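Below is one structure, written out as structure tokens; comments come after it.
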Ligand SMILES: Nc1ncnc2c1ncn2[C@@H]1O[C@H](COP(=O)(O)OP(=O)(O)OP(=O)(O)O)[C@@H](O)[C@H]1O
Ligand SMILES: [Mg+2]
């Protein structure tokens, strides 16, 4: 499948919800942002407030970039079911040995090539946590990592915490 191409994932369809899938490849920035962009457009078309779209975009983009920088290959998929947006980013990669440490602001193992592109501040996971209503990280060292990010699309009061 070419970079950034999307398809409906019928295997993952739950309760009639639509799951859209974007492949990601380690070291390949041409994949970066395709999933986030699709998500932003879809939320805008649904009339979701800009603050919520911004939070979703931060979460999805940081997670996409993490696969590209830290893993070998993976994918982003999202679904909107009722008032709940779920973004799932899964990869085959080194995994995260100590998730608590990885969640700390400033902690990074980003390689030099990624730092040269301006990444590697150790702020991606903390930013996802701040902008999500729920975040679960399931990681197996030597196998890979799965992030599940949930955002409630009907909680405008949560927007205030980002201001
Ligand atoms: N998908 C992943 N696979 C393996 N390790 C990861 C993954 N995502 C994050 N990590 C680990 O967690 C650390 C912190 O991630 P985080 O996104 O917060 O910062 P970063 O990616 O290093 O830098 P930044 O996101 O600011 O560009 C990473 O440096 C890496 O060690
Ligand atoms: Mg990151």
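The values are calculated or read from the model by the stated rules, or taken from the named source; none is laboratory data. No experiment lies behind these values; they were computed from the predicted model shown. Virtual Cβ from ideal backbone geometry, glycine too; neighbours counted across all protein chains shown.
Here is the figure for the stretch 27-49: residues that are touching a strand residue (DSSP E or B) at 6+ places or on another chain (Cβ under 9 Å), modelled with pLDDT of 80 or more and closer than 18 Å to residue 88 by Cβ total 8. Residues that are more than 9 Å from ligand 1 (Cβ to nearest atom), under 21 Å from residue 22 (Cβ atoms), touching a strand residue (DSSP E or B) at 6+ places or on another chain (Cβ under 8 Å) and not in a strand (DSSP E or B) are absent from the stretch 122-130. There is no residue in the stretch 49-57 that is part of a helix (DSSP H, G or I), buried (at least 21 other Cβ atoms within 10 Å of the Cβ) and within 8 Å of ligand 1 (Cβ to nearest atom). Output yes when any residue across the stretch 99-106 is within 17 Å of residue 57 (Cβ to Cβ) and either surrounded by 13 or more Cβ atoms within 10 Å (Cβ to Cβ) or within 7 Å of ligand 1 (Cβ to nearest atom) (or both), and no when none is. Taking every residue of the stretch 99-106 in turn, none turns out to be within 17 Å of residue 57 (Cβ to Cβ) and either surrounded by 13 or more Cβ atoms within 10 Å (Cβ to Cβ) or within 7 Å of ligand 1 (Cβ to nearest atom) (or both). Of the residues making up the stretch 73-92, those that are in contact (Cβ under 8 Å) with a residue 60 or more places away in the chain and more than 8 Å from ligand 1 (Cβ to nearest atom) are 77, 79, 80, 81, 83, 84, 85, 86, 87, 88. Residue count for the stretch 84-113 under the criterion of being in contact with a helix residue (DSSP H, G or I) (Cβ under 9 Å, 6 or more places away or on another chain) and in a loop (DSSP other than H, G, I, E, B): the result is 12.
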